[in-house]
Amino acid sequence: MTVAGIEHPSLSAIKRAFPGIRMQATQFRGQTTLVVPPSKCHEILRFLRDDPECDYNMLFDLGGIDYLGYPSPQAGRFAVVYHLLSYRFNLRLRVKVYLDPSIDTAGIEEDPALYLDSVTGLWPAAEWAEREVFDMFGIRFRGHPDLRRILMWKDYPAHPLRKDYPLRGHGEREHYQQLTQAK
């Protein structure tokens, strides 16, 4: 089925199930991306997993993107991308949701606009990937069973994959104790 010039079997099912929701679909080199609103992201992902016409039973990747300084305008500064796989139909679908911060992103302050519902209840494998997105980008996931840093130490002063994070850091290297190897 073709929706807005993009051919992917799941798009028509999604359009029928969510008729009043504005979504955008793009395709590049045979890979389809569906951009969904943050408020409906979890509901759409649940539909994609549970609907027998879609049956995306595997979340094989989840990651974050910072579009600060990107040449073409985006719907938000940050994006969370879910890569789904349907074994039954041998289909892949990328679901992307944009988030725009409401406060300055240079620090570690919790931003109420950078929240999404956790998908660990849908795909348990999302647990570590959501923790990584939280740790590196500061995007928090409501309902996550163990949302704490996974790559940086507990008191790390920022989120290092944000593009406004200084290359030399915020002084954490100067205070880090170096260990010497015994000879």
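The values are calculated or read from the model by the stated rules, or taken from the named source; none is laboratory data. These figures come from a predicted structure and were not determined experimentally. Cβ: placed from backbone, ideal geometry, glycine included. Neighbour counts: every protein chain shown.
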Q. Within region 87-112, can you find the residues that are in contact with a helix residue (DSSP H, G or I) (Cβ under 8 Å, 6 or more places away or on another chain) and either small (Gly, Ala, Ser) or part of a loop (DSSP other than H, G, I, E, B) (or both)?
A. 89
Q.
I'm trying to understand the selection: among the residues of region 64-95, which are surrounded by 15 or more Cβ atoms within 10 Å (Cβ to Cβ) and either of a type in the set (Lys, Arg) or under 18 Å from residue 118 (Cβ atoms) (or both)?
A. 64, 77, 78, 79, 80, 81, 82, 83, 84, 92, 94, 95
Q: Could you grab me the full set of residues in region 113-132 that are assigned to a loop (DSSP other than H, G, I, E, B) and of a type outside the set (A, V, I, L, M)?
A: 118, 120, 121, 123, 124
(Q) Among the residues of region 66-81, are any within 21 Å of residue 20 (Cβ to Cβ), of a type in the set (D, E, K, R) and under 18 Å from the mean Cα position of the chain (by Cα)? (A) no
**Q.** Leading residue by the ranking (farthest from residue 140 (Cα to Cα)) among those in region 31-48 that are touching a residue at least 40 places away in the same chain (Cβ under 8 Å) and out of contact with any Ser or Thr (no Cβ under 9 Å at 6 or more places or on another chain)
**A.** 31
Q | Exclusive hit being over 19 Å from residue 10 (Cα atoms) and at pLDDT 95 or above, set 139, 103, 108 | A | 139
Q: Check region 32-51 and report whether any residue there is of a type outside the set (Val, Ile, Thr) and at pLDDT below 95.
A: no
